[in-house]
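Undergrad: Have a look at this one before I ask anything.
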Amino acid sequence: PTLMYKLSCIPEDYYEYLLFLEDGTSDYMANRIQELCNRSVDELNLIGTKASNFIFQNKTPKRQIEKVIAFLHTIL
């Protein structure tokens, strides 16, 4: 699992598979990390598996080229 800040450059379809920091204070970050460390191994594995499946199903070279071609069709 990935713990990070929301960045404007990250597509929203990734949000379901990422864990976010909402505050930049060191106390908040420490508490958030501790909260994640307290989750079960099964729960953490499930989060990672869901994210991995999302990438392998939706972010393959073929899917990315399909998006580029669809975009080109809209501007041509």
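Undergrad: Does L3 satisfy the criteria of being of a type outside the set (F, W, Y) and in contact (Cβ under 8 Å) with a residue 12 or more places away in the chain? Give the steps one after another, and end with the answer.
TA: Numbers: of a type outside the set (F, W, Y): yes; in contact (Cβ under 8 Å) with a residue 12 or more places away in the chain: yes.
Against the criterion (of a type outside the set (F, W, Y) and in contact (Cβ under 8 Å) with a residue 12 or more places away in the chain), L3 qualifies.
Undergrad: What number goes with the only condition from (1) in contact with a Lys or Arg (Cβ under 9 Å, 6 or more places away or on another chain); (2) among the aromatic types (F, W, Y); (3) modelled with pLDDT of 95 or more that F71 does not pass?
TA: (1)
Undergrad: Within region 10-18, is there a residue that is among the acidic types (D, E) and in contact (Cβ under 8 Å) with a residue 12 or more places away in the chain? Spell out the reasoning first.
TA: Keep residues of region 10-18 that are among the acidic types (D, E), which gives 12-13, 16.
Narrowing further to those that are in contact (Cβ under 8 Å) with a residue 12 or more places away in the chain: 13, 16.
Among the residues of region 10-18, at least one is among the acidic types (D, E) and in contact (Cβ under 8 Å) with a residue 12 or more places away in the chain, which makes the answer yes.
The values are calculated or read from the model by the stated rules, or taken from the named source; none is laboratory data. This is a predicted model, so every value here is computed, not measured. Counting neighbours? That spans all protein chains shown, and the Cβs are built from the backbone with ideal geometry, glycine included.
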